[in-house]
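To start, the structure under review is shown below, and the notes come after it.
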Amino acid sequence: MAAPNFWYTDIALNQIQGNNLSGQVGVDSIGIGAVSPVQNNPILEGPPQVIGTYTWVGTEAAGDIINIAIAREGMLIGVNGTVCSGTTAPATTLTVAIGDNDLGLTSALPVPNTAAGTSALGGPYSLQAPVWVSGTAYVAGNVVLDAASTPSNQTFTCISAVTGSTAPHSDSTHWIANQVRYSSSIDIHAANGNVAFATGTQLYGGVASKVPESITPGAVQTGFSANSLLNQQYTIQHDCWLQAVILTANTIVAGTVSVFRIPTLSLN
């Protein structure tokens, strides 16, 4: 299968450029503008909800991915989101799943936030899941890259301890794809739609939250280490994209819109 095309909602386009999103409408007279690499925290500023509007181009296809917004390290994403449409149906057939690429390949992640993820040696680092290895013992919460998935190297989270030879993409008993963690397939083709997420789940965290002191600044940290701590359960482990994966698509109408509303929750 060919590599997917990537598309962006309005908020994702601003975030990928490093633009600052004003916390309160009408308070900041400057509005959206270029700032330092440190971005506003959407949990603390504005409503506890990601709202991304996507305008369909018409050439999207099954397997393509819509980057909805950047989810920051430590955020807790809710599973009670919706996808809404306007008065014109966006397509005759259109289904998507909602998830993220937390701990995925760094090449597919957003621009790194240099204010976070700084090692004791004085440099930013990237946290990436290790590649799944047959016969290795995994416990709930471990995140791996599945080289045999389609597309390859998708992230999967272990939901039940396992030591086996079945790759994560073929073992739904022990693994779940991060790309569908907030919603499995939902049908969003109709006009005036307000489609709720389905069968989403709050998953465990990722590989490690304490970086071994031997890490080299600028390097990619992978694997599990004896001196590493388990991550806080259920939260985003490293800046990533909230994503909608297009599962089926037919006769997409250019210029129509879909609005993704995804709740972000506070850890008390």
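What follows draws every value from the coordinates through simple rules; no lab data is involved. For clarity, every value in this text was computed on a predicted model and none was experimentally measured. Using ideal geometry, Cβ is built from the backbone for each residue, glycine included, and neighbour counts are taken over all protein chains shown.
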Quick calc, residue 13 & residue 192: beta-carbon distance into FRET formula, R0 22 Å, rounding 0.05, result 0.30
Rounded to 0.05, the calculated FRET efficiency for the beta carbons of residue 55 and residue 131 at R₀ = 45 Å is 0.80
Order these by the 10 Å Cβ neighbour count, fewest first: 60, 73. 73, 60
Quick P(r) readout (segment 52-98; Cα-Cα; 10 Å bins; whole %) gives 16, 53, 25, 5
For 84, 240, 158, what's the fewest-to-most ordering of other Cβ within 10 Å of each Cβ? 84, 158, 240
